[in-house]
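Colleague: Structure incoming, see below.
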Amino acid sequence: MIKVTIDNIEIEVAEGTTIMNAARQVGGKIVPPAMCYYTSLKGSGGKCRACLVKVAQGSAKDPRPMPKLVASCCTNAQDGMVVQNITSPDVVEARRGIVEMLLVNHPLDCPICDQAGECELQNFAFDHGLEKTRSDFHRREFDPIDIGPHIKLHMTRCILCYRCTMVADQLTEERVHGILWRGEKSEISTYIQKAVENDFSGNMIDVCPVGALTDRHFRFRNRVWYLNPMDAHRDCKKCSGKVVLWLRGEEVYRVTGRKDEVGEVKEFICNECRWDHFDVKDWKVEGPREMEKWSVITANKYSDEAVELPDELYSKLNNEKWNEFEGVT
Amino acid sequence: MSKKILLDKINIEGIKSFDVYRANGGYASVEKALKMAPNDVIEEVKKSGLRGRGGAGFPTGMKWSFLDKKSGRPKYLVCNADESEPGTFKDRYLMEFIPHLLIEGMIVSSFALEANLSFIYVRGEFRWIIKILEQAIAEAKRAGFLGKNILGTGYDLELVVQTGAGAYICGEETALLESLEGKRGLPRIKPPFPAVVGLYGMPTVVNNVESIAVVPWIVLNSGEEYAKVGTAKSAGTKLISACGNINKPGVYEIELGLPVEEFIFSEEYCGGIANGKRMKAVVAGGSSVPILPTELILKTAAGENRLMSYESLSDGGFATGTMLGSGGFIVYDEDQCIVRNTWNFARFYHHESCGQCSPCREGTGWMERILHSIENGHGKMSDIDLLWDVQRKIEGNTICPLGDAAAWPVASAIRHFREEFEWHVMEPKECMNRNYGLREKSIMSIA
Amino acid sequence: MLAVKSGKQVEFSPAAMDRAREIISRYPDGKQKSALLPLLHLVQDEFGNWLSVDSMDYIARLLHIQPIEVYEVATFYSMYNMQPVGRFLLEICHTGPCEIRGAEELISTLQNKLLIKVGETSADGMFTLKRVECLAACGYAPMLQCGMHYHEFLDSEEKIDRLLNDLRSKATQNN
Ligand SMILES: Cc1cc2nc3c(=O)[nH]c(=O)nc-3n(C[C@H](O)[C@H](O)[C@H](O)COP(=O)(O)O)c2cc1C
Ligand code: SF4
Ligand code: SF4
Ligand code: SF4
Ligand code: FES
């Protein structure tokens, strides 16, 4: 075990633990935000730079500070390391910069975005008091496309965290989903619009931190904050069968994996659980899901006034009809 | 004439061919090195004080000694011949006109590092150079300097020329390794460093062409002899590729420590500013390093003569100094527009960003757009401060140094030429008339 | 989106296939994906200097990798043309050092002579103009690349005319 100090809190963690995971063991405000790191996805992290922290003391052996801010998700803690997260003005400043960068090409159309209410970018921006960027140049735009019968891709909203490509690579066979082009022009694509179809592809929706990959069955049907999330399970041969049902009354609006307190799904679910069982009777409901602090709903950050579209629009829509409302986005 | 180490034989008729090269003492270092212990070759390079010629200037011998030889896994040497830093065209010169020097260096270096398969990663555009190198390799192989059991010593080495395909970022060593593995050139997160986890996950050393090409001389003449050339902190000679508004653009081998003024104005090197103009600014080590105005490139802030060496060029830090970098030396005369040039470089980094991390992917595009609007006469005074702020938010916060490389030219241009930016904002018409600002024809032609 | 299918059955000629095998054999066992970049160059050399979806799928089969892995790589590197190009692709460097020695003048002259803009192909299918970043020819500016060769010091109309004429006559000789 090694000792690390993060924002003046000393903890003991196993050797080889990253600064991020050490902070997560403590929890609360000292946990750096993560827009790309995802524990269960190998090779994730390092890209968004949201989790930058200051290392004021490298280790007990070599107490020199690190010359630059480091990505806490991919830097191992050392014995005697002293880390500053929110206690460092440099870190706070750099993170504001990261939010602003992520918004340079982001539409911020939260009122009409299906992710609103459970969006990591929205939370991240909110936490840093930034609603928009100072860039007033034209943003990159893409038409939304369907990647298969279940998933919609809104490339315009993608922050290129690469998580979905890792799901495609690590959870599914014969990856067809990937990242094309380079730099600011990079885009998520299946190139010739091949359908992404296999048992675990739905998890790409759950790992996507923003509203870039959304559930075609759920789009516009409702707002997450009007729904009651319930833990439920069923016997499933392909996966653990442990899910969250998003209910209004007895009606199942959508099925997702269970996100933990840092917003990560630990047990990925199969597409059958996600899309073939919209009847509550198929499920054994365990009880209401505790909404974690990561959600803007519980933090009361998102008010109904921000919703510009009439409620009827969401409730009136059903699975078959959503296509007609394509124009909205 | 000053000391020549790399280019001393460049004018010999036919030196491109194996036979002429060999007849003039070529490959002698292989004969010598293969009788030594590999680690003794590394020691010699350490003693030479050689610093990497690719840009960062990291001591080569030290890099070699970090290579994980203990684990017994295969080791690789990869030569970085991606040469894409604007202003830099020296490696190309070496490979085109004296290719066997690089091959000889690769053999000796591979032996020192105990590698049995080594790569030369050449930027894809150098198509004729790839042919030249492949031919040189074939010749060396035929003469028994490559392949199995080299010179009967039991040492085996295969040398592969790998082609890039147009991506500046693949000059960054970990992106280069990704590319060599047949992937997108996305820089890896360090640590682990290539010396431990490199090509195919194996211990790997990546070195610039020039760094490797100098190894034969060091082996033949000893590290001590090399260290005697140049200055105490900048041993040896360096290839400088000079371009811009000078009379004699080209590749020159200089002894480190040469006064900058002599390099620019003497007939032996750049031959002064073209068309009788005055000099305005210099980018001394490739587009990534800070631009300096005439007074600061010729003399340090303390009033001493600026020399062509790592320590003298960086004297004063970024406030008043710059870097030797890759040796891409770009000279600007009084007619050149700094804002325009800064925009041009910003466009370059925007185009070349791999897009992996958000500050660089988004920030490079943002900087380009702000600069474009200032250059076009649509800028506001506040844009200059915004630009400063954006570059500051990129620098130091990215995965690889391309982010820094994009930020530094912008920062230094504002630092040293702020009035010119302000002038563009206040007098856009005047700028356009003076050929500053984007000229009509180039606006039309922007694709 | 680049759903451009060539519609042709793609297959290397025997000579190209030999070369492909030789390239693939250079890498350690199991690391054949390293051949991807060189093989995509070979495809461009063999099939009209661009990469169709069919040809990329062909390479994927040859290397036993997923097509998306080929698309990802092909679109990352600027030397791979994802659309058909003319007989001669003129790639003009427009980065700083070339720019201060007249790259924009070279580009506008070419545009005027060929009556096309950058990114377009001349009506006779002979020339395509493309802007590229630094080609490491900064001291020999302005310049452009065409196939195997760098054409440097293109600082007068006369030199540009000569180059275009040379290329045109090369085309007729080879036909
Ligand atoms: C964006 C970027 C581009 C680079 N391009 C090159 C290059 O073209 N050639 C080169 O030798 N080094 C280049 N480098 C430096 C390499 O990463 C590496 O430091 C170098 O090849 C090491 O060799 P050396 O120690 O012999 O200099 C580049 C670095 C960065 C960050
Ligand atoms: S992805 Fe998030 S930040 Fe973006 S529009 Fe949707 S809810 Fe808003
Ligand atoms: S689509 Fe979502 S998960 Fe995929 S890279 Fe974009 S933001 Fe990340
Ligand atoms: S700094 Fe730029 S080039 Fe380097 S990894 Fe990040 S996005 Fe890629
Ligand atoms: S979470 Fe660490 S860089 Fe994205």
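The values are calculated or read from the model by the stated rules, or taken from the named source; none is laboratory data. Keep in mind that what you see is a predicted model, and the values were worked out from it rather than measured. Cβ placement follows ideal geometry from the backbone for every residue including glycine, while neighbour counts extend to all protein chains displayed.
Colleague: Going through A:LEU180, A:LEU160, A:LEU153, A:LEU108 one at a time, which residue ends up being hydrophobic (A, V, I, L, M, F, W, C), away from ligand 1 (no atom under 16 Å from the Cβ) and over 17 Å from the mean Cα position of the chain (by Cα)?
Modeller: Only one candidate qualifies: A:LEU180.
Colleague: May I pose another question? Identify, from the list A:SER88, A:SER72, the residue that is out of contact with any helix residue (DSSP H, G or I) (no Cβ under 7 Å at 6 or more places or on another chain), more than 14 Å from ligand 3 (Cβ to nearest atom) and under 17 Å from A:ILE6 (Cα atoms).
Modeller: Criteria check complete, one pass: A:SER88.
Colleague: Still on this structure, please answer the following. Report the residue count in the stretch B:31-80 for those that are over 26 Å from the mean Cα position of the chain (by Cα) and either of a type outside the set (Asp, Glu) or on the phi > 0 side of the Ramachandran plot (or both).
Modeller: Matching residues across the stretch B:31-80 total 14.
Colleague: Looking at (1) under 30 Å from A:CYS161 (Cβ atoms); (2) more than 10 Å from ligand 4 (Cβ to nearest atom), which one does B:ILE414 not meet, given that it meets all the others?
Modeller: (1)
Colleague: Here is a follow-up. Considering only the stretch A:20-56, state which residues are polar (S, T, N, Q) and either assigned by TED's automatic domain parsing to the domain that holds A:CYS158 or over 15 Å from A:LYS3 (Cα atoms) (or both).
Modeller: A:THR39, A:SER40, A:SER44
Colleague: Specify the residue that is nearest to B:PRO192 (Cα to Cα); the eligible residues are those in the stretch A:18-46 that are more than 16 Å from ligand 3 (Cβ to nearest atom) and touching a strand residue (DSSP E or B) at 6+ places or on another chain (Cβ under 7 Å).
Modeller: That would be A:THR18.
Colleague: Further question: Of everything in the stretch B:238-264, what is of a type outside the set (A, V, I, L, M, F, W, C), touching a Gly at 6+ places or on another chain (Cβ under 7 Å) and under 19 Å from B:MET323 (Cβ atoms)? Give them in sequence order.
Modeller: Passing the criteria: B:LYS238, B:SER241, B:GLU255, B:GLY257.
Colleague: Also: Can you name every residue in the stretch B:323-349 that is more than 26 Å from A:GLY183 (Cβ to Cβ) and more than 14 Å from chain C (Cβ to nearest Cβ)?
Modeller: Correct list: B:LEU324 only.
Colleague: Sticking with this structure for a sec: Would you pick out the residues in the stretch A:269-286 that are surrounded by fewer than 19 Cβ atoms within 10 Å (Cβ to Cβ) and either under 11 Å from A:VAL207 (Cα atoms) or aliphatic (A, V, I, L, M) (or both)?
Modeller: Residues satisfying the conditions are A:VAL280, A:VAL285.
Colleague: For the structure I just gave you, tell me whether B:TRP388 is touching a residue at least 12 places away in the same chain (Cβ under 8 Å), closer than 26 Å to A:VAL53 by Cα and away from chain A (no Cβ under 12 Å).
Modeller: In short, yes.
Colleague: Looking only at the stretch B:170-189, count how many residues are within 9 Å of chain C (Cβ to nearest Cβ) and either assigned to a helix (DSSP H, G or I) or over 17 Å from B:LEU77 (Cβ atoms) (or both).
Modeller: Residues flagged as within 9 Å of chain C (Cβ to nearest Cβ) and either assigned to a helix (DSSP H, G or I) or over 17 Å from B:LEU77 (Cβ atoms) (or both) within the stretch B:170-189 amount to 8.
Colleague: While we're on this one: Condition test on A:ARG219, is it more than 16 Å from ligand 2 (Cβ to nearest atom) and surrounded by 19 or more Cβ atoms within 10 Å (Cβ to Cβ)?
Modeller: It is false that A:ARG219 is more than 16 Å from ligand 2 (Cβ to nearest atom) and surrounded by 19 or more Cβ atoms within 10 Å (Cβ to Cβ).
Colleague: If you don't mind, there's one more thing I want to ask. Filtering the stretch A:156-195 down to residues that are over 18 Å from A:LEU108 (Cβ atoms), near ligand 3 (Cβ under 10 Å from one of its atoms) and in a loop (DSSP other than H, G, I, E, B), which residue is nearest to the other protein chains (Cβ to nearest Cβ)?
Modeller: My answer is A:SER186.
Colleague: Sticking with this one: Tell me whether the stretch A:168-177 contains one or more residues that are over 21 Å from A:CYS113 (Cβ atoms), touching a Ser or Thr at 6+ places or on another chain (Cβ under 6 Å), among the hydrophobic types (A, V, I, L, M, F, W, C) and surrounded by fewer than 23 Cβ atoms within 10 Å (Cβ to Cβ).
Modeller: No, there is no match, as no residue in the stretch A:168-177 is over 21 Å from A:CYS113 (Cβ atoms), touching a Ser or Thr at 6+ places or on another chain (Cβ under 6 Å), among the hydrophobic types (A, V, I, L, M, F, W, C) and surrounded by fewer than 23 Cβ atoms within 10 Å (Cβ to Cβ).
Colleague: Please go through (1) free of Cβ contacts under 8 Å to residues at least 40 places away in the same chain; (2) more than 16 Å from ligand 4 (Cβ to nearest atom); (3) of a type outside the set (S, T, N, Q); (4) within 14 Å of chain C (Cβ to nearest Cβ) for B:GLY198 and return the number of the only condition it doesn't satisfy.
Modeller: The one condition B:GLY198 does not meet is (1).
Colleague: Next question, about the same structure. One residue is enough: does the stretch A:108-125 have a residue meeting the conditions within 16 Å of ligand 5 (Cβ to nearest atom), closer than 30 Å to A:HIS138 by Cβ and touching a His at 6+ places or on another chain (Cβ under 6 Å)?
Modeller: no
Colleague: On to the next question. Could you pull out every one of the helices (runs of 4 or more DSSP H) wholly within the stretch C:11-124 that has 3 or more residues that are within 9 Å of chain B (Cβ to nearest Cβ)?
Modeller: Result: C:36-46, C:67-76, C:96-99, C:103-114.
Colleague: Could you identify the single residue in C:LEU90, C:LEU115, C:LEU129, C:LEU106 that is surrounded by fewer than 21 Cβ atoms within 10 Å (Cβ to Cβ) and either outside the structural domain of C:LEU39 (by TED's automatic domain parsing) or at pLDDT 95 or above (or both)?
Modeller: Residue meeting the stated conditions: C:LEU115.
Colleague: Has the stretch B:197-212 got at least one residue that is more than 20 Å from B:PHE119 (Cβ to Cβ), assigned to a helix (DSSP H, G or I) and in contact with a Lys or Arg (Cβ under 7 Å, 6 or more places away or on another chain)?
Modeller: no
Colleague: Going through the stretch A:129-146 one residue at a time, which ones are more than 16 Å from ligand 4 (Cβ to nearest atom) and within 12 Å of another protein chain (Cβ to nearest Cβ)?
Modeller: A:THR133, A:ARG134, A:SER135, A:ASP136, A:PHE137, A:HIS138, A:ARG139, A:PHE142, A:ASP143, A:ILE145
Colleague: Which fully enclosed strands (runs of 3 or more DSSP E) of the stretch A:57-155 have 2 or more residues being in contact (Cβ under 8 Å) with a residue 24 or more places away in the chain and assigned by TED's automatic domain parsing to the domain that holds A:GLU15?
Modeller: A:81-84
Colleague: Restricted to the stretch C:136-146, and to residues that are at the interface with chain B (Cβ under 8 Å from one of its Cβ atoms) and closer than 11 Å to C:GLY96 by Cα, which residue is surrounded by the most Cβ atoms within 10 Å (Cβ to Cβ)?
Modeller: Looking at the filtered set, the residue picked out is C:CYS138.
Colleague: How do the pairs read when you match residues in the stretch B:141-156 that are more than 17 Å from B:MET36 (Cα to Cα) with residues anywhere that are small (Gly, Ala, Ser), using Cβ under 6 Å and keeping only pairs 6 or more apart or on different chains?
Modeller: B:LYS141/B:GLY147; B:LEU146/B:ALA140
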